[in-house]
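Derivation of every value follows stated rules applied to the coordinates shown; laboratory data play no part. Since this is a predicted model, take the numbers as computed values, not measurements. Backbone-built Cβ (ideal geometry, glycine too); neighbour counts: all protein chains shown.
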Amino acid sequence: MEDAETDCRAALKRLYAYLDGEVAGEDCSEIEAHLARCRPCLDEADFERELKRVIRRKCGETLPDGLADRVRARLRGMVEDG
Amino acid sequence: MGEDGRGRRRGRFEAEVLPQLGSLYGAALRLTRNPSEAEDLLQDTMLRAFEGYDGFASGTNLRAWLYRILTNSYISSYRKRMRRPQTVSADADEEFSLYDRLVDSGQTPEAQVIDRLPDSEVKDALESLPEQFRMAVLLADVEGFSYKEMAEIMDVELGTVMSRLHRGRKQLQRVLWEYARRRGLVDEAEPWKTPRRTVERP
Ligand SMILES: [Zn+2]
């Protein structure tokens, strides 16, 4: 099983870069091939991918009322002063 | 430049830049951790961006340029005012795996546990990270920037981007695990009971 474990280590080492869309070409195909045949790594990849989504969704902010107008007003004031 | 030229420039600036205000505000809030400081930072960023707008070559990366200005404004004017102590040590947690902890606690699907945390706690967890790590996770996971864009925004090498991001994510995972435990979403009564994978993590 040493070979399989070496494969897992190689896949997990590049998992974040892969999920971030930063692995291309042959390296990318290698990781995908490993995920296709290794359930534990696939589960871990799914978790990390979903966690990224959860963090993104939960950290969203909406602009407070009036802030866009206040920014515009400052810019206009600057144009008139300058 | 005459009155008309400046007016036209402002119009173009507003059309191109103001649609980014919402996401810039989110980043400003995560950095300053305070709504009124975030608004000040955003205003400063907009004024600096407007001043530098002529030097900004259209067709290049507007979003990355704006985030770089935001980051620099934060570092030069706001950071020194921040008093809240960093709650996570800078070198801990490199090996922490939230996934392993959740698998051990018998939670499936694992990411749903974190989804059950209130938004405010996830934001708080992110804000608890040391600034450089917080910035890396924010830019990659919340704002969706590429490593190359992050290197430009933070003005560091690609390798530094990757290492900050990795460490930031691990620290964030540890804080999220703590929050989930405190809320009783996971049970760590008998840790390490289930057989674990022993694959060494990067
Ligand atoms: Zn594997």
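Averaged over B:168-178, how many beta carbons belonging to a partner chain fall within 10 Å of each residue's beta carbon? Walk me through the numbers on the way to the answer.
Working: counts 0, 5, 0, 0, 2, 2, 0, 0, 3, 0, 0.
Per-residue shielding by partner chains comes out at 1.
Please list 3J(HN,Hα) in residue order for the stretch A:53-67, calculated via the Karplus relation 6.51 cos²θ - 1.76 cosθ + 1.60 where θ = phi - 60°; whole Hz, with x for glycine and proline.
In residue order, the calculated couplings are 5, 4, 4, 4, 5, 7, 9, x, 10, 9, 5, x, 3, x, 5 Hz.
Can you give the calculated 222 nm mean residue ellipticity of chain A, where each DSSP H run of n ≥ 4 adds -39,500 (n - 2.57) and the sum is split over every residue, rounded to the nearest 500 deg cm²/dmol?
-25000 deg cm²/dmol
Based on the Cβ-Cβ distance from A:R39 to B:S77, what FRET efficiency comes out when R0 is 45 Å, to the nearest 0.05?
Numbers: r = 50 Å, r/R0 = 1.12.
E(calc), rounded to 0.05, equals 0.35.
In chain A, what cysteines have no partner Cβ closer than 4.7 Å?
A:C8, A:C28, A:C59, each lacking another Cys Cβ under 4.7 Å.
Return the distance in nm (one decimal) between the two label points of a simple spin-label model at B:A57 and A:A10, each offset 7 Å from Cα along Cα→Cβ.
Calculated label separation equals 3.9 nm.
Beyond a 20 Å Cα-Cα separation, which of these cross-linked pairs lie in this structure: B:K123/B:K148; A:K13/A:K58; A:K13/B:K123; A:K52/B:K170? Don't skip to the end; give the middle numbers.
Numbers: B:K123/B:K148 25 Å; A:K13/A:K58 27 Å; A:K13/B:K123 27 Å; A:K52/B:K170 12 Å.
Long pairs (Cα-Cα over 20 Å): B:K123/B:K148; A:K13/A:K58; A:K13/B:K123.
With chain A treated as a Gaussian network of Cα nodes joined by springs under 10 Å, which of A:D69, A:D46, A:D27 yields the largest mean-square fluctuation?
Of the options given, A:D69 has the highest mean-square fluctuation.
I need the phi-derived Karplus couplings for the stretch B:40-50: 6.51 cos²θ - 1.76 cosθ + 1.60, θ = phi - 60°, integer Hz, Gly and Pro marked x.
Taking θ as phi minus 60°, the curve returns 4, 4, 5, 4, 4, 4, 5, 5, 5, 5, 5 Hz for the stretch B:40-50.
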